[in-house]
Amino acid sequence: MIEVEQLSKLYGAIPAIQDVSFAVEPGEILGFLGPNGAGKTTTMRILSGYLPATSGTARIAGFDVHEQSMAVRKHIGYLPETPPLYPDMTVEGFLYFVARIKGVPAGDRANRIQSALKRCNLLEKQNVLIRKLSKGFRQRVGIAQAIVHDPPAIILDEPTVGLDPRQIIEVRNLIKSLAGDHTIILSTHILPEVTMTCSRIAIINQGKVVATNTPAELTAQLAGKSGYELEVDGSFEVVRSPLQNLPGVETVQTAPLPDSTNHHYIIQIESAPGVDPGRDIAATVVGAGLSLWEMRRTRVSLEDVFLKLTTEEKAVESSDLPDNANSLKTTEPSGGEAA
Amino acid sequence: MGVIIGNVIAIYRRELQSYFASPFAYLIAGIFWLLGGFFFTAILLGPDGLIAQVAVRDQLGITQPPIDVAYQFLSIFLGVIGSLSLFVLPILSMGLYAEERKRGTLELLATSPVTNWAVALGKLLGVVTFFITLILPIMVYEAIALSASDPPVSPTVMLLGHLGLILLAAAILSLGMFVSSLTDKTILAAFLTFGLILLLWIIDPIAQSIGGSFGDALGHLSLLRHYTNLIQGILDSGSIIVFVSYIVLGLFLTAQSIEALRFQQS
């Protein structure tokens, strides 16, 4: 439905996106995930035909977004980053206007508008001036204008930004309910959003698509980096090399437990994909005479995948990123401690 | 074709609706009507007004040349209304595109199956219609006053004068719309438009001081000269062509400027 090939966009000499390629199948929801400034909005704008690409092609429903812009415009609904609303119009009046310029036949307009209002839960607000609506309702009107002409493809640029948690859930459910009949591409920098709403994810960083897959497979791809975390009491050096030599163990790291008075250590072990060295680890630790206080599996969450793919080593030093950005140094409080 | 007309009408209705929903537009209209009424009274009935002048002439026994008060009044009054419009029109046109850019609704228009021309035409028709509603009450004043005149005023002169005013307004609004498409700051658009109109207004005296064939050609661009012709009841096809050219030029530049906006860095 949506095919993007080798898309690049330069602003002057600075590339906003480089060789972006992906495809969205009919009825699918693709999450376009990336940190701020990664080129999400640029890509959305190119897809909508608002910006021309410097090179590469994008096709929606078989039409080239630049060469056959008018045909593409009939086939898409587009919600830009800021919902394009006229504050002096009522919700219904605005949707009538959009239906007209999107080419909805006069006879269908009333029906289409009613169904868009219903879908976006706006029926009670249809005669209210947009100026008087709260942010969440405005966002819904923005989505309503994107679906009022029943387009086969819907492009949503950060549809949940600035909403409160309850509104976010509503908007996500709304988007999910649109899948199937519509092909949807939505951009976001919020990770749980894609896991909850999207059937596929494309992760973009610094203008390049670094991964495209389903949320499950993407996690599985990097699940090889899962492992164990142990809290032990005793001399760690005794077990270091035995642990390292266990089959399936890749790295062993250790750190003294924060505010520990009695030689408690945290051992973090990364294991190779497909091998579970859990039993051997426990046996080794106990066999070496150390007290094992806690042992648990550490799984790589999609968040770790995202951060791994979009964070360069040096960027990790910046303080606004979580501690577990590139290693598994989670500082979760263990058993007996209370904050 | 039908689709394009439908789009123009949709844009037109939205534009017009936004004027009637805006308290600011009513304020402008109020000020315009107040000043229009003031000048109307001053020119006709004021101490130096036309009726007073005629009375003085009668007292002095001057009968030659005869003075056609109704005709005199109409051309002077429309001249004043034209100048007054000079200040009002940039305010009407300033938001046409600047507001859309500021609100982000331009992105909606630019990604809808509507051509830039259709949008520009719809907007221009909308704002011209609003201007016509501004001069309607003033035409009522005129109709009341001039219905008493003997001999009656030639309807052709009446018609040409007001057609001239509307054409002048449409030309200025069209150029103002282009200026508005260049920026997302409405006030800046108003000032730039005002400067541009002023230039086109005074181009006549400049042209005369230059002289020669260049000056002559330049003079033809003057809005003032063509407007003055029309309100004096002189129908010159050249004047109509100049106004229409300005209108088409404004529409063309607007459509191009919106197209170019996509290729700019943003």
field: Where B:Leu35, A:Leu178 fall by accessible area, highest first, once all protein chains stay in place (1.4 Å)
entry: B:Leu35, A:Leu178
Residue-averaged beta-carbon neighbours from other chains (10 angstrom radius) around A:281-288: 0
- prompt: For the pairing of chain B with chain A, what total accessible surface becomes buried, with a 1.4 angstrom probe, in square angstrom to the nearest 100?
  reply: 2700 Å²
query: If you take the square roots of the eigenvalues of the alpha-carbon gyration tensor of the range A:1-70 and sort them as a ≥ b ≥ c, do you get rounded (a/c under 1.5), prolate (a/b over b/c) or oblate?
result: oblate
query: What accessible area, in Å² to the nearest ten, does a 1.4 Å probe give for B:Met139?
result: 70 Å²
query: Tally Lys/Arg at +1 and Asp/Glu at -1 over every other residue whose Cβ is under 11 Å from the Cβ of B:Arg225; what's the total?
result: -2
message: Going through the cross-link list A:Lys132/A:Lys208; A:Lys9/A:Lys125; A:Lys118/B:Lys185; A:Lys176/B:Lys123; A:Lys40/B:Lys102, which pairs have a Cα-Cα distance over 32 Å in this structure?
response: A:Lys132/A:Lys208; A:Lys9/A:Lys125; A:Lys118/B:Lys185; A:Lys176/B:Lys123
query: How many percent of all Cα-Cα pairs in chain B sit more than 31 Å apart?
result: 33 percent
- prompt: Counting only the heavy atoms of the protein chains, how much of A:Lys74 is accessible to a 1.4 Å probe, in Å² to the nearest 10?
  reply: 120 Å²
- request: Would you mind counting up the charge near A:Ala106? Only other residues with Cβ under 12 Å from its Cβ, with Lys and Arg at +1 and Asp and Glu at -1.
  value: +2
query: Considering every residue in B:237-247, what mean count of other chain Cβ atoms within 10 Å of its Cβ is obtained?
result: 0
message: Give me the percent relative contact order of the range A:78-204, please, defined on Cα pairs under 8 angstrom at least 6 residues apart.
response: 28 percent
field: Percentage relative contact order, chain B, counting C-alpha pairs under 8 Å, at least six apart
entry: 25 percent
query: Under the classification rounded if a/c is under 1.5, otherwise prolate if a/b is larger than b/c and oblate if not, where does the range A:106-154 fall, given a ≥ b ≥ c as square roots of the Cα gyration tensor eigenvalues?
result: oblate
message: At 24 angstrom or more along the helix axis (alpha-carbon based) and mean Kyte-Doolittle of 1.6 or higher, what helices does chain B contain? Whole DSSP H runs only.
response: B:23-45, B:69-93, B:116-146, B:155-181, B:186-210
- prompt: Counting only heavy atoms of protein chains, what accessible area per residue, in Å², does the protein assembly as shown have with a probe of 1.4 Å?
  reply: 45 Å²
Heavy-atom SASA rank of A:Lys132, A:Lys40 (probe 1.4 Å, accessible area, largest first): A:Lys132, A:Lys40
task: Take the solvent-accessible surface of the protein heavy atoms, probe 1.4 Å, and return the percent of it on the protein assembly as shown that carbon and sulfur atoms account for.
output: 61 percent
message: Which order do the peptides A:278-289, A:157-168, A:182-193 come out in when sorted by mean C-beta neighbours inside 10 angstrom, highest first?
response: A:182-193, A:157-168, A:278-289
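The values are calculated or read from the model by the stated rules, or taken from the named source; none is laboratory data. Bear in mind that the values here come from a model prediction, so they are computed numbers and not experimental data. Neighbour counts run over all protein chains shown; Cβ positions are idealised from the backbone, glycine included. To get the accessible areas, we keep the full protein, side chains included, count just its heavy atoms, and leave off ligands, DNA and RNA. Shrake-Rupley method; radii C 1.70, N 1.55, O 1.52, S 1.80 Å.
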